[in-house]
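Engineer: Take this structure first; my questions come after.
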Amino acid sequence: MQKLLSPFFALLVSLWLINLGGGLQGTLLGMRADLEDFDLYATGLILSSYFLGYMISIFIIPPFINSVGHIRSFAAFASLSSAATLLHAVFIDPSVWFVLRTITGMCFGGLILVGESWLNASTSNENRGAVFSVYMVVILSASALSQILVNLTPVTSYDLFILVSVALSVSLVPLTLGRRIAAPEIQSNERMSYRALITTHPLGCLGILTSGLVNGVLWTMMAVYCVRIGLDTADTSAVMFALMLGGMLSLWPAGKLSDVIDRRKIILCTSCSTLIVSLIFIIDFEGSAAFMPYLAGALGLSAFPLYALASSHINDYLKQDEFVPACGSMVLLYGLGALIAPIASAFFMSLLGPNGMFVFISSMSVPLISLAAYRISQKEALPSEERSDFVFDMPKVTPSVSPLDPRNQEAEELSEEVMSEMDDEEKEALPL
């Protein structure tokens, strides 16, 4: 394992620091916005603006990186996101925070895209699957650990903003001083028609959209919920840590189980579990602060694997050369859900109180449960030998994750092989 990881150890450290700072910043802003008495809708808009910036980065960042270079781009994005973090502490204003959070989302899109493309360049087809698994552990462990850091200083001070800024700034060091790797030119992913994707894979598409809606709420508004029900910083930190840890622990067993059991049944079970845990959250328990982390862990176990399950379900039916364009469309579909989620949940919370967030999550789970149950009753399961291998994936809203997926490399190589065998007339006949 040491020999496998040594060529890109510095890259993994940089990506770990990025996600450590990003995870802390997301929770910090949710808590601080509520403590500053920001309007609930304003808080939802601020937290959703991160996903807005992230989705914008899909279209504008790749050409910038190709023209400037990977190291310079990484330095620019890290510096800009570090500066934006500090400005949150200087200007306590919802409008300013909305702009700064959008900039942060764009920068994080660029940072992860640079890091992942570089990481992809340092792996071979033989070890890409193992590297991908290690990479996901790095990402999720940083996100989980970042929740504990909220306890270091009072949320009302500017110290935690400085800590986030330091993490982002220091992330420059391993990447810029690590081994020189020839990073590839980044291509903008082609995308499959949503009409074609939804028509042929309705359950998978609804699963991805639901994952964006549910996970988008949990990543952004869970800390706001904790503050609104009266939890202190330590309890909020414990809840967020348990939520992230549950998500990290559930990916492997859920994925392996779905390789031998009808994936639709695993989607149905995880959705039902999300619904049940959300309904339990709505109940007002005595001593709920002590019980809340366990519920949050159960919710992470249930909700976070959904994207990987739904995307793997779609991939089971795709031709190999369809995977790359389908991946781009799936990521944008998830991003749409994540963008809507904080605003929609803020509306529910304003009407129904803090528990409105779980009413929203519950209501988003019901359509997926209904469709999964219907599809299972109407169509035979795909034989296990015909399914694609499950890929342990947590969406980061941009298609930058796709180069690390071993199936993408195979699809791209197949496409290049087919194109090389075509003559000019056949290439001209291809649809645009």
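The values are calculated or read from the model by the stated rules, or taken from the named source; none is laboratory data. Please read these numbers as outputs of a predicted model, since none were measured by experiment. Here the Cβ is made from the backbone with ideal geometry for all residues, glycine too, and neighbour counts use every protein chain on show.
Engineer: Looking at (1) closer than 25 Å to Gly328 by Cβ; (2) surrounded by fewer than 22 Cβ atoms within 10 Å (Cβ to Cβ), can you tell me which one Leu45 breaks?
Structural biologist: (1)
Engineer: While we're looking at this one, here's another question. Could you tell me whether any residue of the range 112-132 is assigned by TED's automatic domain parsing to the domain that holds Ser171, closer than 17 Å to Gly26 by Cβ and at pLDDT below 90? Outline the logic, then answer.
Structural biologist: Going residue by residue through the range 112-132, those that are assigned by TED's automatic domain parsing to the domain that holds Ser171 are 112-132.
Next cut, closer than 17 Å to Gly26 by Cβ only: 112.
This time we only want the ones that are at pLDDT below 90, so: 112.
Yes, there is a match, as at least one residue in the range 112-132 is assigned by TED's automatic domain parsing to the domain that holds Ser171, closer than 17 Å to Gly26 by Cβ and at pLDDT below 90.
Engineer: Inspect all residues belonging to the range 278-288 and state whether any of them is more than 25 Å from the chain's Cα centre (by Cα) and among the small types (Gly, Ala, Ser).
Structural biologist: Within the range 278-288, one or more residues are more than 25 Å from the chain's Cα centre (by Cα) and among the small types (Gly, Ala, Ser).
Rundown of residues vs (1) within 24 Å of Val134 (Cβ to Cβ); (2) surrounded by 24 or more Cβ atoms within 10 Å (Cβ to Cβ); (3) under 15 Å from the mean Cα position of the chain (by Cα), yes/no style:
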{"position": "Val13", "(1), (2), (3)": "yes, no, no"}
{"position": "Phe38", "(1), (2), (3)": "no, no, no"}
{"position": "Phe51", "(1), (2), (3)": "no, yes, yes"}
{"position": "Met55", "(1), (2), (3)": "no, no, yes"}
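Engineer: Which helices (runs of 4 or more DSSP H) does the range 1-76 wholly contain that include 1 or more residues that are of a type in the set (Asp, Glu) and modelled with pLDDT of 85 or more?
Structural biologist: Working: elements: 2-5, 9-35, 40-68.
Passing ranges, in order: 9-35.
Engineer: Continuing with this model, one more query. Look at Phe59 and say whether it is in contact (Cβ under 8 Å) with a residue 24 or more places away in the chain, buried (at least 16 other Cβ atoms within 10 Å of the Cβ) and among the aromatic types (Phe, Trp, Tyr). Steps first, please.
Structural biologist: Numbers: in contact (Cβ under 8 Å) with a residue 24 or more places away in the chain: yes; buried (at least 16 other Cβ atoms within 10 Å of the Cβ): no; among the aromatic types (Phe, Trp, Tyr): yes.
Answer is no for this residue.
Engineer: Regarding Leu24, is this residue surrounded by 24 or more Cβ atoms within 10 Å (Cβ to Cβ) and within 21 Å of Thr233 (Cα to Cα)? Working first, answer last.
Structural biologist: Values: surrounded by 24 or more Cβ atoms within 10 Å (Cβ to Cβ): yes; within 21 Å of Thr233 (Cα to Cα): yes.
Yes; evaluated as a whole, the condition is true for this residue.
Engineer: Looking at the structure I just gave you, is Leu47 farther than 25 Å from Asn151 by Cβ and touching a Lys or Arg at 6+ places or on another chain (Cβ under 9 Å)? It would help to see each step written out before you state the result.
Structural biologist: Values: farther than 25 Å from Asn151 by Cβ: no; touching a Lys or Arg at 6+ places or on another chain (Cβ under 9 Å): yes.
So Leu47 does not fit the description; no.
Engineer: Right, here's the next one. Which numbered condition in (1) of a type in the set (Phe, Trp, Tyr); (2) more than 20 Å from the chain's Cα centre (by Cα); (3) crowded, with 24+ Cβ neighbours inside 10 Å is the only one that Phe64 fails?
Structural biologist: (3)
Engineer: Test Ala84 against the stated conditions and say whether it is farther than 25 Å from Ala346 by Cα, at pLDDT 85 or above and in a helix (DSSP H, G or I).
Structural biologist: Details: farther than 25 Å from Ala346 by Cα: no; at pLDDT 85 or above: yes; in a helix (DSSP H, G or I): yes.
It is false that Ala84 is farther than 25 Å from Ala346 by Cα, at pLDDT 85 or above and in a helix (DSSP H, G or I).
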